[in-house]
Structures are given as C-alpha cells and as structure tokens.
Amino acid sequence: QVQLVESGGGLVQAGGSLRLSCAASGRTFSRYRMAWFRQAPGKEREFAAAISWSGGSTYYAGSVKGRFTISRDNAKNTVYLQMNSLKPEDTAIYYCAAQSGSGSYDRVYEYNYWGQGTQVTVSS
C-alpha cells in the first residue's frame, strides 16, 4: 500500500515556474514507477511525465517536453515535477501516481495508487 500526498501547486503568471512535490509513504517507494498526470476542467485526465524506479529513465508528453522535468529522491520517498515556462493551458489539477507493474507509462489505468491532486493555475 502506498499513500501519495502532493504539494506545491498555486497561482502563477504565464512564463513562470512551479515545483510540485509528491511525498509517498511506505518502504517500497523505490520499486514503483512514478508519474504526474493532470486534468483540466471538462477534460479527461492526461499523462504529463513519468520516471522509472531508479530515475534512470524519464518520459514526457509532447505538450510539456522541454519545459517540465520529473525527478525522484528515493531516500526521501519523494518525486518532483519542475515546471518552467508555464502556459495558461497548463492550468489543471496535477496528480501524482505510482505503478507497481511494468505496463504503459502513459495510461491512467496502469497506475495503482493516486494522490488527491494539487491545483495549478496559470494566468495570462
């Protein structure tokens, strides 16, 4: 069982930056692939970024590649999402997720555990 708690969301102007954090409980954090998804009002939840258990592999959606960076610190049971050059279309609730298997990294249904989400609002 893994519990995930996100933090770091807020209101920022276009072009600004935010750093999201996701703290995980449990001693097996390092065994999980971790990811960030986001959901804008009226839209489906979509993949943003993922990172392998070791941190050696990272994956990004095309819409965030080059602007967002996912990282993890297994000693602190924490995964991060550094978001730069933010755009109004990045406005969404951002969710942290953990995957115990080896399925697709960008599919909602492949992830076993989810946080409650943190709101990110980017003003124009």
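The values are calculated or read from the model by the stated rules, or taken from the named source; none is laboratory data. These numbers come from a predicted model, not from an experiment. Note that we place each Cβ from the backbone using ideal geometry, even for glycine, and neighbour counts take in every protein chain shown. These area figures cover heavy atoms from the full protein model, side chains too; ligands, DNA and RNA do not enter into them. Shrake-Rupley method; radii C 1.70, N 1.55, O 1.52, S 1.80 Å.
Inter-label distance, Thr28 to Asp106: 2.8 nm, where each label sits 7 Å from its Cα along the C-beta direction. Computed from the C-beta positions of Ser123 and Arg45 and an R0 of 30 Å, the FRET efficiency is 0.85 to the nearest 0.05. In this structure the stretch 6-97 gives 49 Å² per residue of accessible area when probed at 1.4 Å with all protein chains present. Each residue of the stretch 40-53 was assigned a 3J(HN,Hα) from its phi angle through the Karplus expression (A = 6.51, B = -1.76, C = 1.60, θ = phi - 60°), giving 8, x, x, 10, 6, 5, 10, 5, 10, 7, 9, 9, 5, 4 Hz with x at Gly and Pro. Our note on the geometry: Cα centres of the stretch 104-124 and the stretch 1-71, 7 Å apart. In a simple Cβ point-charge model (Lys, Arg +1; Asp, Glu -1; nothing else charged), the chain has a dipole of about 240 debye relative to its Cα centre. Local charge for Asp90 was computed over the other residues whose Cβ lies under 14 Å away, with Lys and Arg +1 and Asp and Glu -1, and equals +4. Compactness ratio for the stretch 77-124: Cα radius of gyration over 2.2 N^0.38 Å (N = residue count) comes to 1.34. Listed values for the stretch 61-75 are Karplus-derived 3J(HN,Hα) couplings in whole Hz (6.51 cos²θ - 1.76 cosθ + 1.60, θ = phi - 60°), namely 6, x, 5, 10, 4, x, 10, 10, 9, 9, 8, 8, 10, 5, 5, and x replaces Gly and Pro.
Across the stretch 107-124, coupling constants 3J(HN,Hα) worked out from phi with the 6.51/-1.76/1.60 Karplus curve, θ = phi - 60°, read 10, 4, 6, 7, 9, 8, 10, 9, x, 7, x, 9, 7, 10, 10, 10, 8, 8 Hz, and Gly and Pro carry x. At a 1.4 Å probe radius, carbon and sulfur cover how many percent of the accessible area of the chain? Percent of accessible area from carbon and sulfur atoms in the chain: 44.
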